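This report refers to the structure that appears directly beneath it.
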Amino acid sequence: MGGGNGQTIHLGFAGDLLVGRKVSRTVVAGQQPEEMWGDLRPRMLATDAMIANLEAPITTHLVKWHKLKSFYLRADPAVIPSLSAGNIRCVSLANNHILDFGDQGLLDTRRHLEAAGIAFAGAGANADEAKAPVIFTAGQARIGLISITDNIPAFRATDDRPGTNYWKIGTDSETMARLSGLIDGLRAAGADLIVLSTHWGINYRWWPPQGYRAFARQAIERGVDIVHGHSAHLFQAVEFHRRGLILYDTGDFIEDLIVPPGFRSDHSFLFLVDIADGRVARLRMVPARLTLAKVNTARGQEAEVIRRAMIKRCRGFAVDIREEDGDLVATAPGTADG
């Protein structure tokens with residue numbers, strides 16, 4: 001990471017924002033923008049930027065993608081002020097729902113986000129747009145974000161068709177050279193910090209598979225500072241690797257409460273990352289409880305259940321977690337107090 005000039009950058013990461021269906025209807029019915037983020041909003045506003053995965057096109061277009069899917073998600077443009085109220089400054093669009101309402105739904109999403117000043121990457125009008133990373137400003141830093149997905153190959157953008165930045169996750173030389181090219185391009189363009197946001201894998205899996213671990217670690221070795229994983233609807237392990245941080249899956253953050261038996265997708269975290277002197281220094285994880293179209297700090301016994309689950313999922317990973325004021329905190333090895 002560049003920019004080791006003594007400044008501290010505070011970034012927030014959230015998982016899937018499932019703002020379609022009942023969430024969208026709740027907002028249209030009159031939920032105020034700041035209500036979506038509950039008592040977590042002050043902590044989100046205290047970051048230089050929040051980064052999340054937008055798991056629904058934002059559009060009034062009603063024609064669904066032409067192939068059969070189990071779930072189609074769509075959000076009314078009325079959700080945009082809610083995103084802004086949560087300090088959501090950049091979103092990943094490479095996922096398995098962004099084309100649920102066809103090409104028009106994706107193009108509308110890009111237009112609405114651009115009008116709101118929310119940066120995005122991972123899906124576009126053609127392959128070049130979909131592959132392009134984005135650079136946005138957070139505090140005094142320039143953040144570069146690469147957005148990829150290994151979900152739904154049929155959503156892949158082509159030279160003449162809108163779609164996502166689809167990748168097969170692997171550590172083969174071609175894939176890693178492709179990633180290195182994007183990293184080098186962002187550095188050349190002045191990015192101080194590079195985030196790889198990846199929507200990968202199947203739903204409701206508690207641990208990342210070995211192949212994903214190898215890919216994430218090599219991404220850090222190639223120059224990514226933070227890997228921001230999502231897709232499973234469940235939070236997974238975190239770990240420090242060399243000078244970087246891997247959030248294997250950040251779970252859900254806004255949802256309409258389809259909670260499968262035995263899988264607490266309504267339990268999650270707000271992930272707060274401090275970057276000091278040019279490197280990731282500290283991770284703070286705030287236990288979160290999701291209700292319909294809202295997220296709040298988890299309290300009491302429920303918070304303890306969430307904390308214990310994260311500690312269990314991190315066993316065997318390179319991270320030392322402690323509890324501090326109800327949160328989980330981990331300090332990067334080699335930093336002042338790590």
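The values are calculated or read from the model by the stated rules, or taken from the named source; none is laboratory data. Owing to the predicted nature of the structure, the values given are computational and were not obtained by experimental measurement. Quick reminder, even Gly has a Cβ in these numbers, built from the backbone with ideal geometry, and neighbours come from all protein chains shown.
Some points to look at:
- Just one of (1) surrounded by fewer than 16 Cβ atoms within 10 Å (Cβ to Cβ); (2) at pLDDT 95 or above; (3) among the hydroxyl-bearing types (S, T, Y) fails for S70. It is (2).
- Which listed residue, of A138, A115, is crowded, with 22+ Cβ neighbours inside 10 Å, of a type outside the set (V, I, T) and at pLDDT 95 or above: A138
- Against the list (1) within 21 Å of M285 (Cβ to Cβ); (2) surrounded by 22 or more Cβ atoms within 10 Å (Cβ to Cβ); (3) at pLDDT 95 or above, the condition E255 fails is (3).
- Residue within the range 258-270 that is surrounded by 18 or more Cβ atoms within 10 Å (Cβ to Cβ), within 27 Å of R21 (Cβ to Cβ), modelled with pLDDT under 95 and not polar (S, T, N, Q) present: yes
- Residue in the range 6-15 that is farther than 21 Å from S231 by Cβ, among the polar types (S, T, N, Q) and part of a loop (DSSP other than H, G, I, E, B) present: yes
- Qualifying residue in the range 244-258 (condition: touching a residue at least 60 places away in the same chain (Cβ under 8 Å), within 17 Å of I9 (Cβ to Cβ) and not polar (S, T, N, Q)): yes
- Residue within the range 196-214 that is in contact with a Lys or Arg (Cβ under 6 Å, 6 or more places away or on another chain) and either among the small types (G, A, S) or crowded, with 16+ Cβ neighbours inside 10 Å (or both) present: no
- Residue in the range 46-63 that is surrounded by 19 or more Cβ atoms within 10 Å (Cβ to Cβ), under 16 Å from the mean Cα position of the chain (by Cα), aliphatic (A, V, I, L, M) and farther than 22 Å from G144 by Cα present: yes
- Hits in the range 262-285 - residues which are part of a loop (DSSP other than H, G, I, E, B), within 22 Å of S231 (Cβ to Cβ) and either acidic (D, E) or in contact (Cβ under 8 Å) with a residue 60 or more places away in the chain (or both): S265, D266
- Yes/no for D128 being more than 14 Å from T198 (Cβ to Cβ) and surrounded by fewer than 19 Cβ atoms within 10 Å (Cβ to Cβ): yes
- Filtering the range 142-161 to residues that are in a strand (DSSP E or B) and more than 19 Å from the chain's Cα centre (by Cα) leaves R156, T158, R161.
- One residue from F235, F240, F263 being of a type in the set (A, V, I, L, M, F, W, C), over 19 Å from the mean Cα position of the chain (by Cα) and within 28 Å of F215 (Cα to Cα): F263
- Scan of the range 286-338 for residues that are among the small types (G, A, S) and either part of a helix (DSSP H, G or I) or surrounded by fewer than 17 Cβ atoms within 10 Å (Cβ to Cβ) (or both), ordered by number: G300, A303, A309, G316, A318, G326, G334, A336, G338
- Residue match in the range 290-306 (condition: under 17 Å from the mean Cα position of the chain (by Cα) and closer than 22 Å to S197 by Cβ): yes
- Matching residues in the range 156-200 - criterion: being closer than 19 Å to L93 by Cβ, among the charged types (D, E, K, R) and touching a residue at least 40 places away in the same chain (Cβ under 8 Å): R161
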